[in-house]
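First up is the structure itself, then whatever we jot down about it.
The values are calculated or read from the model by the stated rules, or taken from the named source; none is laboratory data. Note that this is a predicted model, so its numbers are computed, not measured. No Cβ is skipped: glycine too gets one built from the backbone with ideal geometry, and neighbour counts run over all protein chains shown.
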Amino acid sequence: MTARTTADRSTRTALVIGGGVAGPVAAMALHKAGIEATVYEACDDSASRPPKEHGSRPGAAMTIAPNGLQALEAIDAAEMVRAIGTPVTSLCLRSWTGRHLAQLTPPADLPTTRFVWRTELDEAIAREAERRDIPLRKGKRLLDATDTGTGVTARFSDGSLERADILIGADGLRSTVRSLIDPSTPKPHYAGTLTFTARVPKTELPSTEGVLYMCYGKRAYFAYQIFDDASAAWSVNLPHREPMTATEAQAVGAKEWLRRLGEAFADDRTPAPDLLTDTPAENVLITGPTETMPPVTSWSRGRMILIGDAAHATSPTSGQGASLAAESAVELARCLRDLPPGQAFKAYESLRRPRVDRILKHTTATATATSAAARTATPKPAGPLSRVLRDALLPVATKVGGAGGAVWGAWQFDHRIDWNERAG
Ligand SMILES: Cc1cc2nc3c(=O)[nH]c(=O)nc-3n(C[C@H](O)[C@H](O)[C@H](O)COP(=O)(O)OP(=O)(O)OC[C@H]3O[C@@H](n4cnc5c(N)ncnc54)[C@H](O)[C@@H]3O)c2cc1C
């Protein structure tokens, strides 16, 4: 037997940068794999995220898809989402006239999609990490990292240095680690819409009984769900020619945005106008610009690797970003459990690239196939002609599920990770 070199030694410790979805899930999975991991998160709760604020992070309201729940199940963590999530049993598409365009239901044998508030998800993830004794250090912004060949030393904005065998970049759309891996990596760019979300404490409208409605409004896109306790959630994609940062949009003020949204939906014969009227201004979350990320060609270099949005950001309306982030986190940990870092990174990328690329392509292809106006990837309002085409074609285009109607998610949702299978 030949002696093992330092390079093929298995991973014992990891620095995980980013305490969103991918980072803590990766740390939990690494922990299960017997690898010590610490999460470093730039945000400091006390300063920037009061507990009741639902909009302090992108994706203030979100759905966790069946594939995301199954990835979490592989590391016994799905319950943290189920405990806080409201079931979403189907998706209903409507035009601005109120016309029913399509009803999509997921395959029956998969876990039910859950609607969650981002703040509650963050809290649930933090509780679960704590229960598993996983350190989550807040107020730690990564500035730089040095790969020494046998490990990585990370430098944070508070001046501290940390060292481990590998460094995982789970630091989201504007990843610092991505630039450290490849300084020429492209940046996300503005996709032409601003996003808003709100929690409506009380509405007179009836419960949608688990159905999430997506309405292709005359001037903007509106999604909503009304819960059994008479509260509701909505989100809007509002076309806006000029790019605006979240901070600039927030400076306009929630009252003014509510007024502008009221105008944008004034002609729509959907519940949008009523739900906007029922929304207190302080509950409007101005999440900022929709951004698209060009494909990231280098996911790793030396002992640094990317997961989640840092590697493969999808459009917000695909409803897949957090679920893909959980999948990648679990798969990377499985590879690191079974293989030394270099081989593990290769195995991880070859497992993840085809699926991620297919989902990214699909969100774009769906947009093209169901006409320019039915952009499920980045909904924008349609012109008069494309509105007519969209409303005529969408019911046909989505009828792919046979007698039972259209299937929601199908192959994207039906993805399981076998934690016990050896990687590589
Ligand atoms: C409006 C909107 C709606 C969305 N809706 C959905 C949905 O319904 N379903 C869905 O699955 N996805 C949705 N998404 C996408 C989803 O939010 C992301 O895909 C998901 O959060 C990705 O997780 P992540 O951990 O990779 O990144 P993030 O959740 O963005 O977490 C990255 C973390 O890294 C931290 N960080 C950044 N830089 C540093 C640094 N230098 N040092 C330390 N920490 C750092 C950040 O503070 C952040 O906490 C939506 C997104 C938006 C914007």
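One residue stands out in segment 140-176 among those that are of a type in the set (A, V, I, L, M, F, W, C) and over 24 Å from P294 (Cβ atoms): the one that is surrounded by the most Cβ atoms within 10 Å (Cβ to Cβ), namely I166.
The condition of being modelled with pLDDT of 95 or more and either crowded, with 22+ Cβ neighbours inside 10 Å or not aliphatic (A, V, I, L, M) (or both) holds for only one of G308, G319, that being G308. Just to be sure, is T378 surrounded by fewer than 20 Cβ atoms within 10 Å (Cβ to Cβ), within 16 Å of the ligand (Cβ to nearest atom) and at pLDDT below 95? It is false that T378 is surrounded by fewer than 20 Cβ atoms within 10 Å (Cβ to Cβ), within 16 Å of the ligand (Cβ to nearest atom) and at pLDDT below 95.
Taking segment 229-282 as the range and being farther than 29 Å from H100 by Cα, among the small types (G, A, S) and surrounded by fewer than 14 Cβ atoms within 10 Å (Cβ to Cβ) as the test, the residues that pass are A251, G253, A281. Candidates T176, T195, T203: the one that is outside the structural domain of M304 (by TED's automatic domain parsing) and within 26 Å of H312 (Cβ to Cβ) is T195. Taking the residues in segment 1-40 that are surrounded by fewer than 24 Cβ atoms within 10 Å (Cβ to Cβ), out of contact with any strand residue (DSSP E or B) (no Cβ under 9 Å at 6 or more places or on another chain) and at pLDDT 95 or above as candidates, determine which candidate is farthest from L173 (Cα to Cα). Top of the filtered list is G34.
To keep it simple, each residue is scored yes or no on (1) modelled with pLDDT under 95; (2) part of a loop (DSSP other than H, G, I, E, B); (3) of a type in the set (A, V, I, L, M, F, W, C).
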position	(1), (2), (3)
L212	no, no, yes
Y224	no, no, no
W234	no, no, yes
A249	no, no, yes
E256	no, no, no
R259	no, no, no
A266	no, yes, yes
R269	no, yes, no
T287	yes, no, no
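Pairs needed: first member in segment 164-175, assigned to a strand (DSSP E or B); second member anywhere, of a type in the set (K, R); C-beta distance under 8 Å; at least 6 residues apart or different chains. Filtered contacts from segment 164-175: I166/R303; L167/R303; G169/R178. If you go through segment 315-331 and keep only what is more than 6 Å from the ligand (Cβ to nearest atom) and not in a helix (DSSP H, G or I), you end up with just S315.
If you go through segment 289-314 and keep only what is away from the ligand (no atom under 13 Å from the Cβ) and either farther than 25 Å from A37 by Cα or of a type in the set (D, E, K, R) (or both), you end up with P294, P295, T297, R301, R303.
The single condition among (1) in a strand (DSSP E or B); (2) surrounded by fewer than 16 Cβ atoms within 10 Å (Cβ to Cβ) that T193 does not meet is (2). Filter segment 159-197 for residues that are away from the ligand (no atom under 12 Å from the Cβ) and hydrophobic (A, V, I, L, M, F, W, C); which is nearest to Q250 (Cα to Cα)? If we take residues in segment 159-197 being away from the ligand (no atom under 12 Å from the Cβ) and hydrophobic (A, V, I, L, M, F, W, C), then I181 is nearest to Q250 (Cα to Cα).
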